[in-house]
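The values are calculated or read from the model by the stated rules, or taken from the named source; none is laboratory data. Remember, it's a predicted structure, so these values are computed and weren't measured experimentally. Here the Cβ positions follow ideal geometry from the backbone for every residue, glycine too, while neighbour counts run over all protein chains shown.
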Amino acid sequence: MPTTIELATLTRILTLAYCLGLTACASLSIPKQPSTDYIAELLQQHQFDSALQAIDQWQANDPANLDLPQQRKHITQAISQFESDALHKVQQLEASGQWQDAKQEYELALDTLPASQSLQNAYSEFSVRWVKYVNGLKEDLDVAQAKHWLNISGEIKALYHAAPNDQDARRWQLSSDSEREKLAQRLIDYGLAHEDNQHFGTAALRYDLAYRLAPGELTKPYHDRAANTLAQRKAKQKKIAKQDQQRQQSKLSELLAEFDQYLAEAEFQLAKQTLSAMEVIDANAPEVSARKAQWQQQRNIALEQAILEGKKFYTQGEFESAISVWTGALQLDPENKELKENIQRAEKFRENLKRLKQGS
């Protein structure tokens, strides 16, 4: 009985033969005179080569016909549209994980336009991604299987030690040893491939897993290499972390100096922004907590002074000055209820005063 792959191959051959047969028949029945309907029918059937052959034949018979170049351009546009539609469709299929359907669409499109360079290039790139995807799945499954054998290795050993002559115990022990060795070899192969791609960290993880799965002469050299790689990686990460910490500390020192300057100049908004930047670096640092308390204390003092100054202007009937002082203070505490009420009251008296002056 033929396999699915053999049936798919046979279907492709028959489809291609059918298309070639249609093309040959169409070529034999090319009208002697230029026919727009004939070209339209060929384009509808995606018989682009036949359409171009018809144009070539008519052009040879009637070189002065000015309509033929326009029809040729129309065919070229149809070919471009077909390529674009085909690429869009396969990209959607690939994005949704329908790799086999995307592969078939590429092959059907290339059967229709075998000379299309854009389709050939896209299909080549797709094939590389497809192989990489499939190999990635295989690797993931092997890693999962290796971890599975590690998880049950204790139970297998316990069973075998408890009953070494038991048939099931021996079967599990032999199966475990065989499968673990095969998986270890594949994990080493994966590690070598990752090294070729400069993915040394991933390679080290594969080597380490291979050794834990089947410790021995085969995996020991790779385990040593993995240990060296992981140690170097850890040292590098530690160095980077230390450098980051030093940069953060340096930046924090700069922000502390800026904060102190802003606060000395009573620039509370700028000081608050600087304080927020310091909290992003290290909100729990003692110097940051101290600056936060300092800002709140001085802000409250400035706020109280502004409220009292505004009240002084208010009692003297200088409502504009009072409103100006309180509005500025509101920037220090936008949700301050007392300031908002004072401003509303001063604005009301200011409007009443204006109306009185206008009435007199």
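In table form, for the structure just shown:
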item: Only one of A109, A204, A115 that is small (G, A, S) and either part of a loop (DSSP other than H, G, I, E, B) or on the phi > 0 side of the Ramachandran plot (or both); result: A115
item: Top-ranked residue in the stretch 43-92 [being touching a Phe, Trp or Tyr at 6+ places or on another chain (Cβ under 8 Å), outside any loop (DSSP other than H, G, I, E, B) and without any contact (Cβ under 8 Å) to a residue 40 or more places away in the chain; ranked as farthest from K32 (Cα to Cα)]; result: V90
item: Pair list, Cβ < 9 Å and 6+ apart or interchain, from the stretch 240-258 residues that are touching a residue at least 40 places away in the same chain (Cβ under 8 Å) to residues that are part of a helix (DSSP H, G or I) and surrounded by 13 or more Cβ atoms within 10 Å (Cβ to Cβ); result: none
item: Test: residue in the stretch 135-157 that is surrounded by fewer than 17 Cβ atoms within 10 Å (Cβ to Cβ) and within 30 Å of E83 (Cα to Cα); result: yes
item: Residue within the stretch 126-147 that is free of Cβ contacts under 8 Å to residues at least 60 places away in the same chain, of a type outside the set (F, W, Y) and outside any helix (DSSP H, G or I) present; result: no
item: Sole residue being within 27 Å of Q100 (Cα to Cα), surrounded by 14 or more Cβ atoms within 10 Å (Cβ to Cβ) and modelled with pLDDT under 90, chosen from L20, L16; result: L16
item: So L28, is it touching an Asp or Glu at 6+ places or on another chain (Cβ under 8 Å) and modelled with pLDDT under 90; result: no
item: Close pairs (6 angstrom Cβ cut-off, 6 or more residues apart or separate chains): among the basic types (K, R) in the stretch 203-217, part of a helix (DSSP H, G or I) anywhere; result: R206/L187; R206/Y190; R206/G191
item: Hits in the stretch 255-283 - residues which are over 14 Å from Q298 (Cβ atoms) and touching a Ser or Thr at 6+ places or on another chain (Cβ under 9 Å); result: L255, L256, E258, A283
item: Some residue of the stretch 230-247 being acidic (D, E) and closer than 28 Å to E341 by Cα; result: no
item: Scan of the stretch 137-159 for residues that are over 25 Å from Q185 (Cβ atoms) and touching a helix residue (DSSP H, G or I) at 6+ places or on another chain (Cβ under 8 Å), ordered by number; result: L159
item: Matching residues, the stretch 160-171, being under 22 Å from A184 (Cβ atoms) and surrounded by 13 or more Cβ atoms within 10 Å (Cβ to Cβ); result: Y160, R170
item: Number of the condition not met by Q44 [criteria: (1) touching a Leu at 6+ places or on another chain (Cβ under 8 Å); (2) modelled with pLDDT of 90 or more; (3) loosely packed, with under 13 Cβ neighbours inside 10 Å]; result: (1)
item: Top-ranked residue in the stretch 93-109 [being free of Cβ contacts under 8 Å to residues at least 24 places away in the same chain and of a type in the set (D, E); ranked as nearest to D37 (Cα to Cα)]; result: E105
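Per-residue answers, yes or no, for (1) over 30 Å from E254 (Cβ atoms); (2) in contact (Cβ under 8 Å) with a residue 40 or more places away in the chain; (3) in a helix (DSSP H, G or I):
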position	(1), (2), (3)
Q273	no, no, yes
I281	no, no, yes
V288	no, no, yes
Q296	no, no, yes
K311	yes, no, yes
A322	yes, no, yes
D333	no, no, no
I343	yes, no, yes
L356	yes, no, yes
